[in-house]
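Since the structure comes first, as structure tokens, the remarks are kept for the end.
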Amino acid sequence: MQFWMEFFSIVAAIALVVQVGILIGLFLQLKRTTESINRMVNDLHTRIGPILTRTQILLDDTQPKITALVDDASHVVYLARTQAQKMDKVFTEASDRLRGQLVRADRILTGTLEAVEEAGTQVRRSFLGPVQRASAVVHGIKVGLDFLRSRRSHRENVQEGLEQEDELFI
């Protein structure tokens, strides 16, 4: 048993030495990786540093301009809103006035049309009444003349008829 004890002790010692070797290898690899990453970070920092500096300068230069631009845009919107309200008032007032004028014109035209209609009715009454009476008188005279003509022609026809009978009688 002693042999096995020594044997397991040696195997454990070898395993410990191998583990220590692996840990030292991992440590060295980690150290190299860390140094490489530090170099890349430093390189990146040296490259990005000027870009960030220029960007900060650009932002510092443009910030007042952007602020002024936003203020101007706000002022333009305020003026546009004010002008739109004024135009709304003007158009509302103009449409109200136009509506009133249209109502007034409608009343005037309605009154005019009623007056024209009344005048037409009066003309018909005052002109057509006597004209109809005169026409009736003329028609009566014509009927009378036609009647007289028809009697005269009837007498002549009767006399001619008698003369023809007398001639035939002889």
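In nm, what is the difference between 0.36 nm times the number of residues separating ARG97 and PHE147 and their Cα-Cα distance? Can you show the working numbers first?
Details: separation 50, 0.36 × 50 = 18.00 nm, distance 7.18 nm.
Taking 0.36 nm per residue and subtracting the Cα distance, the gain is 10.8 nm.
If the chain between ALA134 and ALA115 were fully stretched, how many nm would it gain, using 0.36 nm times the residue separation less the Cα-Cα distance? Let's see the in-between values first.
Working: separation 19, 0.36 × 19 = 6.84 nm, distance 2.80 nm.
Additional length available on full extension: 4.0 nm.
Averaging the Cα positions of each part gives two centres, and for segment 59-138 and segment 23-39 these lie 90 Å apart.
Ordering PRO130, VAL70, THR33 by the projection of their Cα atoms onto the charge dipole of segment 26-152, which places +1 on the Cβ of Lys and Arg and -1 on the Cβ of Asp and Glu, puts PRO130 at the extreme positive end.
For the chain, take the longest principal axis of its alpha carbons; what is the angle in degrees between that and the long axis of helix 2-123, to the nearest 10 within 0 to 90? Result, in degrees: 20. Rounded, prolate or oblate: which one fits segment 25-121, using the alpha carbon gyration tensor with axes a ≥ b ≥ c (rounded when a/c is under 1.5, else prolate when a/b beats b/c, else oblate)? In terms of gyration-tensor shape, prolate. Label-to-label distance, ASP72 versus ALA13, with points set 7 angstrom from Cα along the beta-carbon direction: 8.7 nm.
Helix 129-169 and the longest principal axis of the C-alpha atoms of the chain enclose an angle of approximately 40°.
Among (1) 24.6, 74; (2) 18.2, 55; (3) 65.4, 207, find the value of Rg and Dmax of the Cα atoms in Å that was calculated from the structure presented, and write down its label. Among (1) 24.6, 74; (2) 18.2, 55; (3) 65.4, 207, the one calculated here is (3).
Taken together, the values in this text are just the output of simple stated rules run on the coordinates, not laboratory data. As the structure is a prediction and not an experimental result, all values here were calculated from the model. Reconstructed Cβ throughout: ideal geometry from the backbone, glycine too, with neighbour counts over all protein chains shown.
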